Amino acid sequence: QVQLVESGGGLVQAGGSLRLSCAASGRTFSNYATAWFRQAPGKERDFVAAIPWSGAGTYYADSVKGRFTISRVNAKSTVYLQMNSLKPEDTAVYYCAASLFGWGSVRSRDYNNWGQGTQVTVSS
């Protein structure tokens, strides 16, 4: 198991930017695929972005492609989500997830390590 702690959420105006961080501890971080999901009130948890454990390639939901960037620094056991051109519909709790030797799945059920979430609110 790996423990995940998100940070960096907050309130921002539409068009603004935020960078979320997810710090991992407990296992060899470089062996884990990492991803970001989000959940708005009354809605299901949706895939946002992912990086495979190999670090080869990134995957994005169509709704964030071109605006969000996922990256990781294995030496710091941290994964980031840079969010630009934020829209009110991006408002949600954002969760970090990890999967041992994962390929970067878009399905939440393929991840068995989750953080507690961080709130992102985008005002219009």
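Only lysines eight or more places from residue 87 in sequence, or on another chain, were considered; those with a Cα closer than 18 Å are 43, 65. In a DSSP loop and with at most 14 other Cβ atoms within 10 Å, the trypsin sites (Lys or Arg not before Pro) in the range 27-115 are 43, 65, 107. Rounded to the nearest 20 debye, the dipole magnitude of the range 56-108 is 140 debye, with +1 charges on Lys and Arg beta carbons, -1 on Asp and Glu beta carbons, and the Cα centre as origin. Annotation for the range 1-38 versus the range 77-109: alpha-carbon center distance of 7 Å. Our summary gives the range 18-100 a relative contact order of 40 percent, counting only alpha carbon pairs under 8 angstrom and 6 or more residues apart. Calculated on the Cα set of the range 1-97, radius of gyration then Dmax: 13.0, 37 Å.
Just the protein heavy atoms count here, and of the accessible area of the chain at 1.4 Å, carbon and sulfur take up 48 percent. Other residues with beta-carbon under 13 Å from the beta-carbon of residue 32 carry, at +1 per Lys or Arg and -1 per Asp or Glu, a net charge of +1. About the centre of its Cα atoms, the chain shows a dipole size close to 160 debye [charges on the beta carbon of Lys, Arg (+1) and Asp, Glu (-1) only; nearest 20 debye]. Across the range 1-66, C-alpha contacts under 8 Å between residues 6 or more apart give a mean separation that, scaled by the residue count, equals a relative contact order of 23 percent.
The values are calculated or read from the model by the stated rules, or taken from the named source; none is laboratory data. Quick caveat, the model's predicted, so the values are computed rather than measured. Here the Cβ is made from the backbone with ideal geometry for all residues, glycine too, and neighbour counts use every protein chain on show. Calculation scope for accessible area: heavy atoms of the full protein, side chains included, ligands and nucleic acids excluded. Shrake-Rupley method; radii C 1.70, N 1.55, O 1.52, S 1.80 Å.
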